[in-house]
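Heads up: the structure comes next, in structure tokens.
The values are calculated or read from the model by the stated rules, or taken from the named source; none is laboratory data. These numbers come from a predicted model, not from an experiment. So basically every Cβ, Gly included, is an ideal-geometry build from the backbone, and we count neighbours across all protein chains shown.
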């Protein structure tokens, strides 16, 4: 078993837990590599040294069996740019606030490692979105696990023109528009009133952000739909977001959104499922009137 560790800078109160996780890998004689900026941070900020470990900058080394993302959901989203279409499965170890996409908390890493080594897990293939168009800088990774967003840059609302397989929708005059995957249905899309969709569902969700016309609601579409999008603004620009990447775009910007040609493989430990996560992380169905 060969593991890649991915993470970002974190606060000092968690350094002991991260150090313990790395020490555990060494004690178990597990071959592992560490994302170079993460390793540099650990070494510089906390004196953690790992002479045996390889490091990687872009892609994990050949032969990597899984990538362990140490952080919150944002860190796991960032890991997509490193596994790319390699097929390497990803497991989230949460040290953030919510960790909806994570399989275990950082203090439960020993149990999670046992499950990984003993292959007591399932792999979920999560659909990704892809953005295509000349507006994208070469440095932008055009794939998203959660959502693609168009958002206003100024107080003035924007108009988002959408065609679905060539069929025009009414113009979305609003603060912006989201196109979300089933995975992203429990993220930003949910906060703007979009429906919760089970991860295996073959669908995308289009949701306006603070629409000017209140009869404009979220729309669930098939994930084989091609979306042609044009952005109209009253001033000069708006923002395009691809998960946690931010790109400034001009009025009249055109691009397409579609299903990516590969998936992100996420590890789920035995004994957990989507509905348990909903109950635990989102307090789904809890009612203080029924709690004594």
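For (1) in the same structural domain as residue 112 (by TED's automatic domain parsing); (2) more than 19 Å from residue 121 (Cα to Cα); (3) assigned to a strand (DSSP E or B), each residue gets a yes or a no:
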| position | (1), (2), (3) |
| --- | --- |
| 26 | yes, yes, no |
| 34 | yes, yes, yes |
| 38 | yes, yes, no |
| 61 | yes, yes, no |
| 69 | yes, no, yes |
| 75 | yes, yes, no |
| 78 | yes, yes, no |
| 82 | yes, yes, no |
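Candidates 201, 191, 174, 218: the one that is farther than 16 Å from residue 259 by Cβ, touching a helix residue (DSSP H, G or I) at 6+ places or on another chain (Cβ under 9 Å) and without any contact (Cβ under 8 Å) to a residue 60 or more places away in the chain is 218. Looking only at residues in segment 153-178 that are modelled with pLDDT under 95 and in contact with a strand residue (DSSP E or B) (Cβ under 8 Å, 6 or more places away or on another chain), the one that is farthest from residue 248 (Cα to Cα) is 157.
Note on segment 44-59: among residues that are at pLDDT below 85 and within 14 Å of residue 5 (Cβ to Cβ), the one that is surrounded by the fewest Cβ atoms within 10 Å (Cβ to Cβ) is 52. All of 256, 263, 277, 241 fail the test of being at pLDDT 95 or above and either part of a helix (DSSP H, G or I) or surrounded by 18 or more Cβ atoms within 10 Å (Cβ to Cβ) (or both), apart from 241. Kindly evaluate residue 244 against the criterion of being touching a helix residue (DSSP H, G or I) at 6+ places or on another chain (Cβ under 8 Å) and in contact (Cβ under 8 Å) with a residue 60 or more places away in the chain. Yes.
Residues in segment 90-140 that are within 20 Å of the chain's Cα centre (by Cα), under 24 Å from residue 280 (Cβ atoms) and part of a loop (DSSP other than H, G, I, E, B): 95, 96, 97, 98, 99, 100, 101, 102, 103. Listed by first and then second residue, the pairs linking a residue in segment 262-273 that is over 15 Å from residue 183 (Cβ atoms) to a residue that is part of a strand (DSSP E or B), with Cβ atoms under 7 Å apart and 6 or more places separating them unless they lie on different chains, are 269/104; 269/121; 270/121. Which of (1) under 30 Å from residue 220 (Cα atoms); (2) out of contact with any helix residue (DSSP H, G or I) (no Cβ under 8 Å at 6 or more places or on another chain); (3) buried (at least 21 other Cβ atoms within 10 Å of the Cβ) does residue 127 not meet, given it meets every other one? Every listed condition holds for residue 127 apart from (2).
Among the residues of segment 204-211, some residue qualifies, meaning at least one is in a loop (DSSP other than H, G, I, E, B), in contact with a strand residue (DSSP E or B) (Cβ under 8 Å, 6 or more places away or on another chain) and over 26 Å from residue 269 (Cβ atoms). Can you confirm whether segment 44-61 contains a residue that is within 28 Å of residue 270 (Cβ to Cβ) and in contact with a strand residue (DSSP E or B) (Cβ under 9 Å, 6 or more places away or on another chain)? Taking every residue of segment 44-61 in turn, at least one turns out to be within 28 Å of residue 270 (Cβ to Cβ) and in contact with a strand residue (DSSP E or B) (Cβ under 9 Å, 6 or more places away or on another chain).
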